[in-house]
1. Being in contact with an Asp or Glu (Cβ under 6 Å, 6 or more places away or on another chain) and hydrophobic (A, V, I, L, M, F, W, C) narrows it down to one residue among 35, 100; which is it?
2. So which residues in region 96-124 are out of contact with any strand residue (DSSP E or B) (no Cβ under 7 Å at 6 or more places or on another chain) and either over 15 Å from residue 55 (Cβ atoms) or assigned to a loop (DSSP other than H, G, I, E, B) (or both)?
3. Test residue 87 against the stated conditions and say whether it is of a type in the set (Gly, Ala, Ser), touching a Leu at 6+ places or on another chain (Cβ under 9 Å) and at pLDDT 90 or above.
4. Only one of (1) within 26 Å of residue 96 (Cα to Cα); (2) in contact with a helix residue (DSSP H, G or I) (Cβ under 9 Å, 6 or more places away or on another chain); (3) at pLDDT 50 or above is not met by residue 143, so which one is it?
5. For residues that are surrounded by 15 or more Cβ atoms within 10 Å (Cβ to Cβ) and assigned to a helix (DSSP H, G or I), tally how many sit in region 1-48.
6. Conditions: (1) out of contact with any Gly (no Cβ under 6 Å at 6 or more places or on another chain); (2) closer than 17 Å to residue 37 by Cα; (3) not polar (S, T, N, Q). Residue 104 meets all but one. Number of the miss?
7. Quick one: residue 54 ticks every box in (1) among the aliphatic types (A, V, I, L, M); (2) more than 28 Å from residue 141 (Cβ to Cβ); (3) crowded, with 21+ Cβ neighbours inside 10 Å except a single one, so which number is it?
8. Which of the residues that make up region 11-45 are over 24 Å from residue 112 (Cα atoms) and in contact with a Lys or Arg (Cβ under 8 Å, 6 or more places away or on another chain)?
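The values are calculated or read from the model by the stated rules, or taken from the named source; none is laboratory data. Remember, it's a predicted structure, so these values are computed and weren't measured experimentally. Here the Cβ positions follow ideal geometry from the backbone for every residue, glycine too, while neighbour counts run over all protein chains shown.
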Amino acid sequence: MKELYILPCSKTKIWDTNSRLEPLQPSGDVYKGQLHLKGKSFVKFYQTSDPAYLILSAKYGFIYPETKIENYNETFKSKKPDLKFLGDQIRKYCLYDTELVIVLGGSVYANVVRRVFKNSKICVPLQFMPIGMMLFALNNPTSVKQKIDDFIWNEFPENGNLATNLVDGCKHVSALPSLEKQESRG
C-alpha cells in the first residue's frame, strides 16, 4: 500500500529565534510549532521510507523536508488554498496514486488534502481535536497509531493483516519520488 504523511506548517519558524540565519532554510528545519514538531517525531518513529512526510504550507503548498524555503507569514485562514497549484504538485511528484494519506493536523489541513487527493483514502487521527488535545495525543503516539491502524483495517480490508504483522506496530511500503529541486512559488 502506498501511503503518505502530511504535516502542518506552523507560524513559529526558525528565524523567530535566530534572525541571522540564511534567508533560505530546509523546510524540515524551519517549522518550530509544537504540533509540527510532535508530528515530525511521530512520523520519524513509525515511518520507514524516506522521505517520511511532506509539509503542507499555505505559501509553498506540499513541500519536501529538504526543500529550501524563505520566511513567510501566510496561513490558510488568510489565504484560500490554490487547489490547482496543489493538484499540479501532486502530479509533478507522482503522488496521484497514493492510496492512503495520513494528515497529522486539524480540519483545515484535512479539508485541503481531501480536495486534492480525490482518489486517496484520507486518515485524520487528530481531526476535531483542539490543539491541546492534539499535542496530548501525540505525546501518547500508540493511541494515534492505533487510530491509523483501525482506519487501515476498515478502509483496506485486503491489507487488514498489515496492522498485525508490523515492526513497532507499523510498516510503510511507500516510496516518494526523489525531488531534484522543488521550485518555490512566488
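1. Values: 35 fails: in contact with an Asp or Glu (Cβ under 6 Å, 6 or more places away or on another chain).
Answer to the selection: 100.
2. 96, 97, 106, 107, 111, 115, 118, 119 - these are the residues of region 96-124 that are out of contact with any strand residue (DSSP E or B) (no Cβ under 7 Å at 6 or more places or on another chain) and either over 15 Å from residue 55 (Cβ atoms) or assigned to a loop (DSSP other than H, G, I, E, B) (or both).
3. Values: of a type in the set (Gly, Ala, Ser): yes; touching a Leu at 6+ places or on another chain (Cβ under 9 Å): no; at pLDDT 90 or above: yes.
It is false that residue 87 is of a type in the set (Gly, Ala, Ser), touching a Leu at 6+ places or on another chain (Cβ under 9 Å) and at pLDDT 90 or above.
4. (1)
5. 14
6. (1)
7. So residue 54 meets the others, but not (2).
8. Of all residues in region 11-45, those over 24 Å from residue 112 (Cα atoms) come to 14-25, 45.
Listed by number, the residues that qualify are 14, 16, 17, 24, 25.
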